[in-house]
Amino acid sequence: MDKGNVDKHRRSMSGLKVEETEKWGTRTAYERFGKPQYLQGAPMPKNQSLPQAPEDKPLDKSFNQVPENSWLRGGGAGGEGNPNFHPTKKRR
């Protein structure tokens with residue numbers, strides 16, 4: 001015998017009003033803290049993966065013009081000029 005769709009949700013129990021815990025928690029949080037700004041999560045942040053925005057670029061175009069052998073670019077002699085430098089000796 002097919003009973004079909006049977007609603008077994010209990011809306012009261014021995015004279016007590018029954019409320020689902022999620023609904024109760026949401027209602028109580030709204031009462032205590034007010035309605036949240038975002039109900040379904042915050043919106044996606046701005047996409048920062050593209051090249052730098054024009055308003056963020058430096059005004060001085062020569063800020064990155066540094067000679068190749070400058071210490072700012074890791075240039076210079078490095079360790080090659082040091083007395084105990086052996087280019088073929090490997091560190092262990």
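Just so you know, all these numbers are worked out from the coordinates, no wet-lab data involved. Predicted model only: the values in this text are computed from it and were never measured.
In plain terms, the chain from residue 62 to residue 37 could stretch by 4.5 nm, reckoned as 0.36 nm per residue minus the Cα-Cα distance. Computed from backbone phi with θ = phi - 60° and the Karplus coefficients 6.51, -1.76 and 1.60, the 3J(HN,Hα) list for the stretch 36-46 is x, 5, 10, 7, 9, x, 6, x, 5, x, 5 Hz; x is used for glycine and proline. For the pair residue 47 and residue 13, the difference between a 0.36 nm per residue extended length and the Cα-Cα distance amounts to 7.0 nm.
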